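Values in this text are rule-based calculations from the coordinates and carry no lab data. Worth saying up front: this structure is predicted, and the values here are computed from it rather than measured. So basically every Cβ, Gly included, is an ideal-geometry build from the backbone, and we count neighbours across all protein chains shown.
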Amino acid sequence: MLLLGVSAQGFAQWDASKVDLKIDWQMNAPLSTDFADKLSGWGMNYELTYSITPRWDVGVFASFHTNHKYIGRQTLEISPTESLTTDQQRSAFQVPFGVMGAFNLSTNKHCQPYIGVKAGVMFARNTTYYASRGLYDKAWGFYVSPEIGLKIYPTGKHWGIHVAGYYSYATNQTRTLTMNIDGQSNVGFRLGVIF
C-alpha cells in the first residue's frame with residue numbers, strides 16, 4: 001500500500017488494488033448536426049478510476065474521436081455575390097476530458113453492471129477540405145456524458161473486459177464553410193480492457 005496524504009486521524013492509505021485503468025475502442029455517431037453525421041470507429045477512451053466503496057467509483061477520463069463525411073460536387077452560395085462549386089470532405093474532431101463517477105448496480109466479482117456520468121470540457125475542431133484547401137474552426141465547451149456499462153472479470157481478478165453505451169453533449173460553437181454548429185451531441189459504444 002502507498003501512503004498518499006494526511007487525514008484527521010493520521011495518514012490515509014491508498015489501496016492500489018482499488019485502481020482500474022480502462023482502455024476502450026470507441027464507436028461514435030453525431031446527432032445534433034449533419035456536418036459529419038456518419039457512424040465512425042475512429043476513437044479511443046481512457047479512464048483511471050478508484051473504488052471508494054464497493055458500489056462507487058470516481059476518477060478521470062480522456063477520449064478522442066473523429067467523424068468524417070463526404071459531400072459530392074455542388075455549388076455553394078457563400079455570400080450574396082459569391083458561389084463555389086466543389087466537393088467536400090468534412091472532418092469533426094472531438095477531445096473531451098474531465099472527471100467521472102459510476103455506481104455499480106452489483107458487487108459480484110465476475111460481472112458488474114453500472115451507471116455513470118462524465119463531466120468536463122471538450123475541444124472540437126470542425127474542418128471542411130475542398131479543392132486543395134481546407135477551412136476549419138475550433139472551440140472549447142462544457143461536456144457531460146451519461147453512460148451505462150458492464151465490467152466483466154472472467155477470473156474474478158483485477159483484469160477484465162469493459163462494455164459501455166453513452167450519450168454526450170457539449171456546448172461547443174463552431175462555424176464551417178456552409179453552417180454554424182451550436183452544441184454537439186453524440187451516441188456511442190465502447191469496448192475495451194480493464195487493468
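Across the options Met27, Leu84, Tyr153, the greatest Cα extent toward the positive end of the charge dipole of the chain (unit charges at beta carbon of Lys, Arg, Asp, Glu) belongs to Tyr153. Largest GNM mean-square fluctuation across Ser132, Ser91, Ser63, computed for the chain with C-alpha springs under 10 Å, falls on Ser132. For the peptides 80-87, 38-45, the ranking by mean Cβ contacts within 10 Å, running from highest to lowest, is 38-45, 80-87.
Magnitude of the charge dipole for region 18-194, about its Cα centre and with charges confined to Cβ atoms of Lys, Arg (+1) and Asp, Glu (-1), is about 540 debye.
Measuring between alpha carbons in the structure, the pairs from Lys18/Lys118; Lys22/Lys69; Lys38/Lys157; Lys38/Lys109; Lys118/Lys151 lying more than 27 angstrom apart are Lys22/Lys69; Lys38/Lys157; Lys38/Lys109. The smallest convex shape that holds all Cα atoms of region 18-194, its convex hull, gives 96 Å³ per residue. For Asp34 and Tyr153, a Förster radius of 41 Å and the Cβ-Cβ distance give a FRET efficiency of 0.50, rounded to the nearest 0.05.
Excluding Gln89 itself, what net charge comes from residues whose Cβ is under 13 Å from its Cβ, given Lys and Arg +1 and Asp and Glu -1?
Around Gln89, the charge tally is +4.
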